[in-house]
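Reviewing the structure listed below.
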Amino acid sequence: LELGSDLLSIEGATLQSLLEAKTKRELLMQRQDRAITQLQQEREDLLFKVKNLDETARTLAKHQDSREKEKKLNNQTIDELVEEYSTLSAEMSAAEEKHKTHVSELEAEKADMQVK
């Protein structure tokens with residue numbers, strides 16, 4: 001009888017230990033599940049931020065490319081205007097020389113006519 005009582009006592013303690021271990025295991029699994037869920041959410045947040053940064057980088061690159069093209073076009077336009085100014089200036093100088101020569105010729109003719 002005493003042996004049976006001891007066995008029941010040991011069996012009860014073993015069952016109690018198993019229940020406590022099962023409860024601890026379940027609590028640990030719940031913590032793991034919450035930690036996994038939190039890590040997944042943080043991962044999604046980081047992926048979203050990376051996506052936004054990537055889009056921002058692309059937008060900035062497009063703007064930079066547009067600015068460089070615009071700057072190149074402006075420089076080209078300035079070069080063309082400088083070239084056109086140089087051409088017009090040379091044409092103006094040539095026209096002034098031609099005008100002076102023509103005026104000199106007319107004055108010479110006028111002087112010839114006055115002498116006659």
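Structural remarks
- Candidates GLU20, GLU70 - the one that is assigned to a helix (DSSP H, G or I), at pLDDT below 95, charged (D, E, K, R) and open to solvent by less than 100 Å² (accessible area, probe 1.4 Å): GLU20
- Verdict on MET113 being exposed (fewer than 10 other Cβ atoms within 10 Å of the Cβ) and part of a helix (DSSP H, G or I): yes
- Taken together, ALA61, ALA90 contain a single residue that is in a helix (DSSP H, G or I) and over 36 Å from the mean Cα position of the chain (by Cα), which is ALA90.
- Taking the criterion of being aliphatic (A, V, I, L, M) and open to solvent by 100 Å² or more (accessible area, probe 1.4 Å), the only residue of the range 29-41 that qualifies is LEU39.
- Qualifying residue in the range 24-44 (condition: outside any helix (DSSP H, G or I) and over 43 Å from the mean Cα position of the chain (by Cα)): no
The values are calculated or read from the model by the stated rules, or taken from the named source; none is laboratory data. Just so we're clear, the structure is a prediction, and the values are computed from it rather than from any experiment. We place every Cβ from the backbone using ideal geometry, glycine too, and count neighbours over all the protein chains shown. In case anyone asks, the SASA skips ligands and DNA or RNA and just uses the protein heavy atoms, side chains included. Shrake-Rupley method; radii C 1.70, N 1.55, O 1.52, S 1.80 Å.
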